[in-house]
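Heads up: the structure comes next, in structure tokens.
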Amino acid sequence: MKWGDGKWATWALAGSAFLGGYLVARKTDIGATLTYEGLVLAMKALGVDPLVAKAVMRVESGGRSEAAEASGRMTIRFEPHVFYRYAKQVILLPGMANVNDGRNRRGGQDAEYEALAKALAIDARGAYESISMGLFQIMGFNFAVCGYSSAEAMYQALSSSVGAQYASFGRFMVGYARGRLLKAMREKDWPTFGSLYNGTASAGPTYERAYNAVVAAQAKA
């Protein structure tokens, strides 16, 4: 299935939401793509403020531009605590005292990719499922809801196309948590959104602040 921008993208996402919050699109290893403009149209059709997507990108990838993401390596974050569940092996990034110490990690993307390479040598499946990917930093273990047969297939698609990152976010937005994520986005229920997207309700204010900053910037534009 090929996703375009405009009406087809809007119909595909809106239609999937209508059918109980699950995407109709078949799972495929071919990275279906969506332009940012297509994502905006789809979000509007689903009753979600498109600026929520910009807020998520601001939090998850520091507002990294599409051009920067497309011209270099995909932004990733290796999660040692997740990999430990798969392989019972400890891989730490510089500055980390243990697998749950995410506050002091250093080294930037070079360190993230080095950690991924080490993990791939131990347990490839676990390694791919232990990284968050792209502008929206969706975890690899969410590959199925994003429309892929494996986390590795998701990695390959999102690495090669920012459009695949937009499409995966659209699929994730609609299909995750049986529609509860989509509902939280529609209602700007930040505690629930933070809990579902980031794993903790305490992350809610971070997304809310990012959203407010995006709205303020849009008003000045």
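Throughout, read-outs are computed from the coordinates displayed, never taken from laboratory work. Values in this document were obtained by computation on a predicted structure and should not be read as measured data. Cβ coordinates were reconstructed from backbone atoms using ideal geometry, including for glycine residues, and neighbour counts include every protein chain displayed.
Tell me, what is the FRET efficiency for Ser160 and Ile122 to the nearest 0.05, using R0 = 30 angstrom and their Cβ-Cβ distance as r?
About 0.75, to the nearest 0.05.
Per residue Cα convex hull volume for the chain, in cubic angstrom?
Taking the convex hull of the Cα positions in the chain, it is 118 Å³ per residue.
So what are the ³J(HN,Hα) numbers for the range 166-171, from phi and the Karplus equation (6.51, -1.76, 1.60; θ = phi - 60°), rounded to whole Hz, Gly and Pro as x?
5, 5, 5, 5, x, 5
Any idea what angle helix 151-160 forms with the longest principal axis of the chain, computed on alpha-carbon atoms, 0 to 90 degrees, nearest 10?
Approximately 70 degrees, to the nearest ten.
Give the angle, between 0 and 90 degrees and rounded to the nearest 10, that separates the Cα long axis of helix 6-18 from the longest principal axis of the Cα atoms of the chain.
80
Find out how many positive minus negative residues lie around Ser132, taking Lys and Arg as positive, Asp and Glu as negative, among other residues whose Cβ is under 12 Å from that of Ser132.
-3
Would you please give the FRET efficiency between Glu114 and Lys220, computed as 1/(1 + (r/R0)^6) with r the Cβ-Cβ distance and R0 = 45 Å, to the nearest 0.05?
My answer for the efficiency is 0.70.
To the nearest 10 degrees, how steeply does helix 51-61 sit against the main Cα axis of the chain, on a 0 to 90 scale?
Long axis of 51-61 versus the principal axis of the chain: about 10 degrees.
With charges set only on the Cβ (+1 for Lys and Arg, -1 for Asp and Glu), what does the dipole of the range 76-132 come to about its Cα centre, in debye to the nearest 20?
In total the dipole reaches around 140 debye.
Among Lys54, Lys88, Lys220, rank each residue by its count of other Cβ atoms within 10 Å, from fewest to most, as a rough exposure measure.
Lys220, Lys88, Lys54
Identify all aspartates and glutamates with a Cα-Cα distance to Lys183 below 15 Å; exclude those on the same chain that are fewer than 8 residues away in sequence.
Partners within reach: Asp49.
Just want to confirm a number: the relative contact order over the chain, from Cα pairs under 8 angstrom separated by 6+ residues, in percent.
25
Taking every pair of alpha-carbon atoms in the range 76-132, give the share separated by more than 13 Å as a whole percent.
50
Need one word for the range 152-221: rounded, prolate or oblate. Basis is the Cα gyration tensor (sqrt eigenvalues a ≥ b ≥ c); a/c below 1.5 gives rounded, then a/b vs b/c decides.
Judged from the Cα gyration tensor, the range 152-221 comes out oblate (a/c at least 1.5, b/c at or above a/b).
Springs between alpha-carbon atoms under 10 Å, Gaussian network over the chain: tell me which of Asn100, Asn198, Asn142 tops the mean-square fluctuations.
Taking springs between Cα atoms under 10 Å, the residue moving most is Asn100.
Highest mean first, what order results for 130-138, 179-187, 155-163 on Cβ atoms within 10 Å?
Order by mean packing, descending: 130-138, 155-163, 179-187.
At a 10 Å Cβ-Cβ cut-off, how would you order Val90, Val174, fewest neighbours first?
Val90, Val174
Using the Cα centre as the reference, give the magnitude of the dipole from point charges on the C-beta atoms of the chain (Lys, Arg: +1; Asp, Glu: -1; all else neutral), rounded to the nearest 20 debye.
For this selection, approximately 380 debye.
Considering the Cα trace of the range 117-158, what is its radius of gyration and what is Dmax, both in angstroms?
When restricted to the Cα atoms of the range 117-158, Rg and Dmax are 9.5, 27 Å.
Mean residue ellipticity at 222 nm from the helices of the chain, using -39,500 (n - 2.57) per DSSP H segment of n ≥ 4 over the full residue count, to the nearest 500 deg cm²/dmol?
Dividing the helical sum by the residues of the chain leaves -17000 deg cm²/dmol.
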